[in-house]
Amino acid sequence: MNKTQNHAGTQKHAGTQKRAGLNIIKFVAVLLVLTIIARGASGATLAVVYITNPSRSEIIQAVNGNATVSSTDTLDIFAPEGLTITEIMPVVGQSVKAGDAVAKLDMHEINTKIIRENAALEKMLLDLETLERADTVDTNSLSNNQRYLNRANEDYNSVKRQGEADVAKAQTELNKALEELAEVTSRANAAATAAATLADNAGPNTDDNPDADSEIEADPGASVKPTIDYTAEIAEKQAAVDRARDSLTNAQKRAQDDLLNATRRIEDAQSSLSAAKQDHERNLNRHSDAVEDNRISATTKRLEIEEQTLILQRLQALQEDDGIIFTDNAGVVAKVKNKNDITGKDALITLKDGTKGFEAILLLGIDDADKLAVGSTCEVTTGGGSMYFTPTVTGTVTSKSQPNDDDKVEVTIRLPQGDNSPVEWTEGQRVDVSAVQDHSVHEMCLPLSALRSDNTGYFVLQTEQRSTVLGVENVIYRVPVMVIASDRNNVSVQGPISRSSQIIIGSSKPVVEGDRVRFS
C-alpha cells in the first residue's frame, strides 16, 4: 500500500514539473511575439531621417543678390511751359514706340498761349525792324511801339468779347435751368394743393365741413386721387442748376484770368512805348554808339525770334493735334509727370531705350555692400540658356548709394555690351549677381540644411545606436559646433564630430535630442 502510494506521488510530481516547463515555454513565446509586435508598432511611429557624413569640400564666400537691369540712356520728352496736363497715357515701365500718343494738354490754355506768344513774336519783329533801321536816328520807334500797344488793346477787346460771350452763354444756361426748376416746383406745388383740396372735400362731415355729407351723397364713389411725386424731377433740375451755376463761375473766372493777361500785355506795351520814348531821346544824343549797339541787339533779337517762332510753331502743331503730344522715339517709360501738373523746364516724360548700355541695380544690406568697392567685378547670371550652359558675364561696380531708411544700399553694376556680352539685355530684366570674396577648402563640411541654431548657438543632430529591451535603436543627440565659413550650399563647422558621424539633414517630421528614429 505504501509502495503504491509512493509510486503514484512520484508520477504526479513529474507531471507537475512537465506542465510547468511547458508553461514557461509558452510564456517566453508569448513574450517574444509581444516584443516583436511592440517593436513593429514603435518603429511605425518613428520619424524617418536623412543623414550624411561630413566631407572635405570647397567653400566659396561671396556677396549674392538679385538685381534689376536698367538702361543707362534716357530720352526726355518736353512740352511748352505753363500748360496744364489733362492726361498722361503711358505708365512707368510701359513700352512705347515712335508715334505713340503720350500726353494731352489743356486746349483752352494752348489757345490763349498762342495769342500771347504770337503777340510777343510780333513785338520782336517790330523791335528787329527798328534795330535794322538804326543806321539813322530812330524816328519810327515810337510809332512801332504805339502800334504794338494798339494791337495789345485789340487783343484785350477780343479776349473781353470772348469772355463776355462765354459768361453770357453760361448765364443763359443757368437761367434756363432755373426756369425749368421753377416750372417743376410750380407743378409740384399745384399738385400738392389740388391733392389737399380733394382730401378736404372727401373728409367726414364735421362742424368745420358741414357740406361733406351732401358732397358724398352727390358722388358716393368719389375718392382722393394720389398725387404725382415730383421729388426726383425737382432733384434732377436742382442738380442741373448747380452744374450751370458752376459753369458760370468757371466762365467768369476764366474771363477774369484772360482779361488779366491781356491787361498785362497792355501794360507791357505801355512800358515798351515809354521805354521807346526814352530810347529816342538817348539816340538823339548817342547816335554813333546806338548804331553798333543796335547791330548787336539785332543779332540777339534774330536768335530770340527763331526761338519764339519754334515755340509758336510747336503750340500751333499742338493746337492742330487737339493738344496731344506724340513721342518721336521708342523706349520704356522711366518717369512721368502727373495729371493736372503744370509743364515747366523739366521733362514731361523720360524714356529709357538702352542704346548706350545697360546696368544692373542691386540692393544690399550695409554689411554686404561694404564688401564691394567701386571698380570691383562680379559675375552676373541670367535666366534662360540650356541644361549645359547658363549665360554668365562679368560686370563692374560703378557706384554705391548712401543707405536708405531700410538700411539698404543701391549698388550699380555696369554690364558688358555688344560683342563683349552673350546676352541681349532688356529693361526690367532680373539677374543673379555674385561677387566672390574667397575660395578655400575645408575639412568638415555639411549641407546648410544640417546646421541648426537656438539661443545657445549653432549645433547639429547626430544619430548613434543604443541597445534597449526592444533591440538596437537609432537615437538622436545634439552636438554643438562653431561655424568657420559658409556659402549658398555648404557650411564648414568645427566640433566633436568625425567623417563617420551620421548627421541629420532632414526628417519626415520635427525631431529633437533623445528621439528614436529610423533611416530612410
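Pop the C-beta distance of H280 and D341 into the FRET formula with R0 = 56 Å and round what comes out to the nearest 0.05.
The computed FRET efficiency comes out at 0.80.
Can you list the HN-Hα couplings for the stretch 274-280, worked out from phi with the Karplus curve (6.51, -1.76, 1.60; θ = phi - 60°), rounded to whole Hz and with x for Gly and Pro?
Couplings: 5, 5, 4, 4, 5, 4, 4 Hz.
Near the amide H of V423, under 5 Å away, which other amide H atoms are found, from residues 5 or more places off or on another chain, if H is placed in the peptide plane?
none
Multiplying the sequence separation of I60 and T86 by 0.36 nm and subtracting their Cα-Cα distance, what value in nm do you get?
Using 0.36 nm per residue and subtracting the Cα-Cα distance, I get 3.8 nm.
Given a Förster distance of 30 Å, report the FRET efficiency between T299 and N111 from their Cβ-Cβ distance, rounded to the nearest 0.05.
0.40
Using 0.36 nm per residue, how much length does the chain from A98 to S449 gain when fully extended, once their Cα-Cα distance is taken away?
Difference between extended and current length: 121.1 nm.
Quick query: amide H of F358 versus all other amide H atoms, modeled in the peptide plane; which residues come in under 5 Å with a sequence gap of 5 or more or a different chain?
For F358, whose amide H was placed from the backbone, the distant partners under 5 Å are T72, L415.
Looking at the P(r) of the stretch 107-188, how many percent of alpha-carbon pairs lie beyond 19 Å?
Here the tail beyond 19 Å accounts for 60 percent of pairs.
Taking the simple approach of a point 7 Å from Cα along Cα-to-Cβ for both A168 and E236, what is their distance in nm?
A separation of 3.1 nm, rounded to one decimal place.
What ³J(HN,Hα) values, in whole Hz, does the Karplus curve 6.51 cos²θ - 1.76 cosθ + 1.60 give for the stretch 310-316 when θ = phi - 60°, with x put for Gly and Pro?
With coefficients 6.51, -1.76 and 1.60, one gets 5, 4, 5, 4, 5, 5, 5 Hz.
Collect residues whose amide H, placed 1.01 Å from N in the peptide plane, falls under 5 Å from the amide H of Q502; neighbours closer than 5 in sequence don't count.
Residues meeting the amide H criterion: T463.
Within the set of other residues whose C-beta is less than 14 Å from the C-beta of V184, count the net charge using Lys and Arg as +1 and Asp and Glu as -1.
Value of the local net charge: -3.
Values quoted throughout were computed directly from the atomic coordinates according to the rules given, and no laboratory measurement underlies them. Keep in mind that this is a model prediction, so the values were computed, not measured. FYI the Cβ positions are ideal-geometry reconstructions off the backbone, even for glycines, and counts take in every protein chain you see.
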